[in-house]
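Below is one structure, written out as structure tokens, with a few remarks after it.
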Amino acid sequence: MDNIRIAEKFNHMAKILEFKGESQFKTRAYTNAARTIKGLDEELLVLHKEGTIENIPGIGKILSSKIVEMLETGTFEAYERTKDEIPAGIIEIMNIPGIGPKTARLFYKKLGVQTLDELSRAAREHRIRRLPRMGEKQEEKILRSIVRQKKDKDHGRHPFVLAKDIAAEIRDFLDLSPDIEKVAIAGSLRRKQDTIGDIDIIAISEEPKKAISYFTGMEKVEEVLESGTTKASIIYPGNYHVDLRVVNRDSYGSMLQYFTGSKEHNIHLRKLALSKGYSLNEYGLTDEKTGELTKFSSEENLYNELGLGYLPPELREDRGEVETSLRGKLPRLIERKDIKGDFHVHSNWSDGANTMEELAEAAIQKGYEYIAITDHSYSTGVANGLSDKRLLEHIDAIDKLNEKYNDIRILSGTECDIKANGKLDYSNDLLEQLDIVIVAVHAGLDQDRKKITKRIVSALENEHVDIMAHPTGRKFGKRPPYDMDMETIIQAAKDNEKVLEINSSPWRLDLNDVNAKKAKEHGVMLAINTDTHIIDHMDNIAYGINIARRAWIESDDVLNTMKLKKICSRLGISKE
Ligand SMILES: [Zn+2]
Ligand SMILES: [Zn+2]
């Protein structure tokens, strides 16, 4: 469980307690804790390993034990118990913007309203406006909010990492149905977009009605929005809209292609089909003259029929993939097996949970040739960053470790802070002693566009710097990208031969696909790093690769696909 989900649970808990009329003291403890957790720079999982959760200001013994419970079980007992003490629909009501626990309580006590439907009926029947503190305006506002909540499909996009688990859970469940032959996830999830609107699922079945009722009858379904003969839409916990289309075997390829999208890609394909005398829809290609429909059981056949090569879903955004394929010049997208190492890993010398040895062993397990230990510099403050003296000891420790291992080269590195004035935490003399220097912005984030751009550019001009980490600083659910001039930064990276990072943390994914593609087009090299703080994070490389593939990136565009020998000569370090 990650920080954001833990914070959300605490917020929910506070709302439930407030609804029940518990003391403000009790509810405030949860909301304050949620706020603290959202502001943390480190994952609670890491702090748990270190045994330091209790030390977070405002958390204390009781809440920290609940956090640990969530980390281990996904929830906490008190929450489950308290939640069951109030009607289930109340939580949904409290999630409507403008309706807090107090108002929900008022509706419940005075009108007996327990569900969203009952609330909307009460509003339509003008029973809300007669309540104390309410009026005509409030009533209309509530109705509008309910409608928006139900209809607005764009509302609340979900980070890929969360949506993919929900989709997998539903897919696995559908797989169990005797009436469903095959299930596939389509839509933006299949295209590996960084955030997901709806979840689109396709199932092959010769018994569509049974398949649909199996889907809408899943235990966790919160609401059935639509239930037809071949398609259905539901709401799943966490405000996920999930759409299912049931198809038969013959048109599976056409359907999968159609529902994978994107919309823009499909429009382009339809134009291409028209130019060849066909109309294209989700059932296949129809000959304009004869009216004959050709169905496709595989996507590949459909693309080939249109004169295109198979287009990996990640490319289907109408960013030139159709034209490029027609010219036979599609990129050979990077794959997991191309990755030979990781340049951004934290050990327990700063805010990581693991020793350098554990990280080195894990890298060997992954088949890597090298790994850079890049602990924080001291400006970061929260992250137990290394002083000059500790940095020198860090370098020594890595030297010693390299004597121990033949299968892996451990590179001594730093994630050095770029201070507000553009200067780095360490002197050039110190930086020179490191194998690799990555730089990053972690503080002073409220600077204006000009300042922050200049600050980063001056760091990129330093001859010892190799990589700029998580360049825009965005974090899902926490903060948007810094206001910075990406063009200028990409140009500075190009001019100074620096590498830009695709940070694989599923909460960062920074650079994103659009910026990474831009960087590639400018001839800037990229590194796909995990920013590991705990060994499991090393698997996040998959998320970074998703973004790289969406950015048309090939093996040669990426620094950490190079063999050790090449890395050493590029970074100017001796091989032994
Ligand atoms: Zn960082
Ligand atoms: Zn880092």
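Throughout, read-outs are computed from the coordinates displayed, never taken from laboratory work. Here the structure is a predicted model, which is why all the values come from computation and not from measurement. Using ideal geometry, Cβ is built from the backbone for each residue, glycine included, and neighbour counts are taken over all protein chains shown.
Can you list residues from other chains, or at least 5 along the same chain, whose modelled amide H is less than 5 Å from the amide H of SER412?
The answer is ASP435, ILE436.
Along the charge dipole of the chain, Cβ charges K/R +1 and D/E -1, which of PRO101, PHE173, ILE467 sits furthest on the positive end?
Positive-most Cα among the choices belongs to PRO101.
From the Cα gyration tensor of the stretch 421-548, with a ≥ b ≥ c the square roots of its eigenvalues, which class applies: rounded if a/c is under 1.5, or else prolate if a/b is larger than b/c, or else oblate?
Taking the square roots of the gyration eigenvalues as a ≥ b ≥ c, the stretch 421-548 is rounded.
Stokes-Einstein D for the stretch 3-154 at 37 °C, 0.692 mPa s, Kirkwood Rh over Cα pairs, in µm²/s?
Values: Rh = 16.8 Å.
Rounded to a whole number, D works out at 195 µm²/s.
Please report, in whole Å, how far the alpha carbons of the stretch 258-326 spread along each principal axis, starting with the longest.
So the extents along the principal axes, rounded to whole Å, are 33, 23, 19.
Show me, for the stretch 351-356, the HN-Hα J-couplings you get by feeding each phi into the Karplus relation (A = 6.51, B = -1.76, C = 1.60, θ = phi - 60°), rounded to Hz, glycine and proline as x.
Result, rounded to whole Hz: 10, x, 9, 10, 6, 4.
What does the charge add up to near ARG455, with Lys and Arg as +1, Asp and Glu as -1, over the other residues with Cβ less than 13 Å from its Cβ?
0
Counting Lys and Arg as +1 and Asp and Glu as -1, each charge on the Cβ, what is the dipole of the chain about the Cα centre in debye, to the nearest 20? Intermediate values should be presented prior to the final figure.
Details: 87 positive and 96 negative charges, 500 e Å.
Magnitude of the dipole: close to 2400 debye.
Distance check, please: which entries in LYS192/LYS337; LYS475/LYS563; LYS498/LYS565 exceed 22 angstrom between their Cα atoms?
Numbers: LYS192/LYS337 18 Å; LYS475/LYS563 31 Å; LYS498/LYS565 19 Å.
Pairs exceeding 22 Å: LYS475/LYS563.
What per residue convex hull volume, in Å³, do the alpha-carbon atoms of the stretch 336-571 yield?
Working: hull volume 25.6 nm³, N = 236.
Value for the stretch 336-571: 109 Å³ per residue.
Output wanted: per-residue J couplings in Hz (rounded whole) for the stretch 176-189, from phi through Karplus 6.51 cos²θ - 1.76 cosθ + 1.60, θ = phi - 60°, x for Gly and Pro.
Going residue by residue, I get 7, 5, x, 8, 10, 8, 7, 10, 9, 8, 10, x, 5, 5 Hz, with x marking Gly and Pro.
At 222 nm, what helix-only mean residue ellipticity would the chain give, in deg cm²/dmol to the nearest 500, using -39500 (n - 2.57) for each DSSP H run of four or more?
Helices in the chain give a 222 nm mean residue ellipticity of -13000 deg cm²/dmol.
Along each of the three principal axes of the Cα atoms of the stretch 287-353, give the extent in whole Å, ordering the values from largest to smallest.
Taking max minus min along each principal axis of the Cα atoms, the stretch 287-353 gives 72, 24, 20 Å.
Taking θ as phi - 60°, what are the ³J(HN,Hα) couplings along the stretch 133-142 by the Karplus curve (6.51, -1.76, 1.60), each to the nearest whole Hz, with x for Gly and Pro?
Per residue, the Karplus-derived 3J(HN,Hα) values read 6, 10, x, 4, 4, 4, 4, 5, 4, 5 Hz.
Between ILE502 and residues 5 or more places away or on another chain, which pairs have amide H atoms under 5 Å apart, with H built 1.01 Å from N, and which residues are they?
Hits under the 5 Å cutoff: LEU511, ALA527, ILE528, ASN529.
At q = 0.07, 0.12 Å⁻¹, what is the log10 ratio I(q)/I(0) for the chain, with the Debye formula run over Cα points and no solvent?
Each listed q corresponds, in turn, to -0.52, -1.28.
Taking the Cα centre of the stretch 216-296 as origin, sum charge times position over the Cβ atoms of Lys and Arg (+1) and Asp and Glu (-1), and report the length of that vector in debye to the nearest 20. Mind dumping the intermediate values first?
Working: 10 positive and 11 negative charges, 72 e Å.
With only Lys, Arg, Asp and Glu charged at Cβ, the dipole is about 340 debye.
Rounded, prolate or oblate, given the Cα gyration tensor of the stretch 527-573, with a/c below 1.5 counting as rounded?
Oblate is the answer for the stretch 527-573, as a/c is 1.5 or above yet b/c matches or exceeds a/b.
Taking the Cα centre of the stretch 3-154 as the origin, how large is its charge dipole in debye, to the nearest 20, when only Lys and Arg (+1) and Asp and Glu (-1) carry charge on their Cβ atoms? List each step's numbers first, then the result.
Values: 30 positive and 23 negative charges, 209 e Å.
Dipole about the Cα centre, nearest 20: 1000 debye.
Lys/Arg Cβ at +1, Asp/Glu Cβ at -1, dipole of the stretch 336-571 taken about the Cα centre: which of THR488, ASN560, ASN421 is farthest positive-ward?
THR488
Sum up the charges of everything whose Cβ sits under 12 Å from the Cβ of GLU125, counting Lys and Arg as +1 and Asp and Glu as -1, but leave GLU125 out.
Local net charge: +3.
Over the chain, what relative contact order in percent results from Cα pairs under 8 Å that are six or more residues apart? Working shown, then result.
Working: 1022 pairs, mean separation 51.8, N = 576.
Once normalised by length, the contact order is 9 percent.
Would you mind ranking LEU311, LEU106, LEU511 so that the residue whose beta carbon has the fewest other beta carbons within 10 Å leads the list?
Ordered from fewest to most neighbouring Cβ atoms within 10 Å, LEU311, LEU106, LEU511 come out as LEU106, LEU311, LEU511.
Whose amide H sits under 5 Å from the amide H of PHE296, counting only residues 5 or more places off or on another chain, with H placed in the peptide plane?
Placed amide hydrogens put GLY253, SER254 under 5 Å from PHE296.
First check a/c for the stretch 54-137, with a ≥ b ≥ c the square roots of the eigenvalues of its C-alpha gyration tensor; if it is under 1.5, answer rounded, and if not, answer prolate when a/b is larger than b/c or oblate otherwise.
Judged from the Cα gyration tensor, the stretch 54-137 comes out prolate (a/c at least 1.5, a/b above b/c).
Packing-wise, with mean Cβ within 10 Å as the measure, how do 342-352, 170-180, 29-39 rank, highest first?
342-352, 29-39, 170-180
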